[in-house]
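Since the structure comes first, as structure tokens, the remarks are kept for the end.
The numbers here are math on the coordinates, done by the rules we state, and not lab data. If you're wondering where the values come from, they're calculated on a predicted model, not measured in any experiment. Here the Cβ positions follow ideal geometry from the backbone for every residue, glycine too, while neighbour counts run over all protein chains shown.
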Amino acid sequence: MPTSPPQPLDKRRVLIVDDEEVLRMLARDMLHEFGYAPTLAASGEEALAVLAEQPGVFDVVVIDLRLPGLTGAEVVQRIASLDPTVAIVAMSGLDAHSLEQALDGAVVSAMLTKPFHMNGLIDAIERSMPLPQVPPQPPNPRRSAAETWR
């Protein structure tokens with residue numbers, strides 16, 4: 001359970017998609033506190049427009065599966081076709097089994113059942129993000145093998 005803000009190399013971009021304004025605002029505030037750069041969308045259509053306007057910008061999309069208009073599964077599938085590199089965290093008031101059925105085969109990185117603690121949201125985002133790629137360092141030719149293994 002995270003207790004302090006992570007120390008990112010760059011601010012990680014998260015798109016929060018939920019028709020409940022209170023949840024969007026709480027998520028935005030919490031994500032800011034933990035060092036993320038959140039963007040908010042109130043519908044699947046709005047989320048798809050944001051992603052189309054800003055391709056490759058977002059690291060994670062957190063989406064409620066019960067949205068007005070397009071179903072969450074439809075939006076998840078369209079997100080995957082717009083940007084296959086973005087991680088998707090699905091959330092819903094459904095139980096885990098019903099949540100899987102609601103996804104209708106759409107692939108997500110993590111699932112959250114509402115209600116959840118904000119630390120659960122942070123944890124799901126962290127688990128779904130790829131680890132930062134650190135380039136390998138060449139060995140130091142001045143160090144002996146014995147010094148390397150100490």
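Side notes on the structure shown:
- In order through region 110-126: 3J(HN,Hα) via Karplus (6.51 cos²θ - 1.76 cosθ + 1.60), integer Hz, x for Gly, Pro: 7, 10, 10, 9, 7, x, 9, 7, 4, 5, x, 5, 4, 4, 4, 5, 4
- Of all beta bridges that DSSP places with both ends in region 12-129, some 0 percent have antiparallel geometry.
- Residue exposure sequence - MET129, MET91 - by fewest surrounding Cβ within 10 Å: MET129, MET91
- Exposure proxy ranking, count of Cβ atoms within 10 Å, fewest first, for GLU100, GLU33, GLU53: GLU53, GLU33, GLU100
- Ranked for footprinting exposure by Cβ neighbours inside 10 Å, fewest first, GLU21, GLU74 give GLU21, GLU74.
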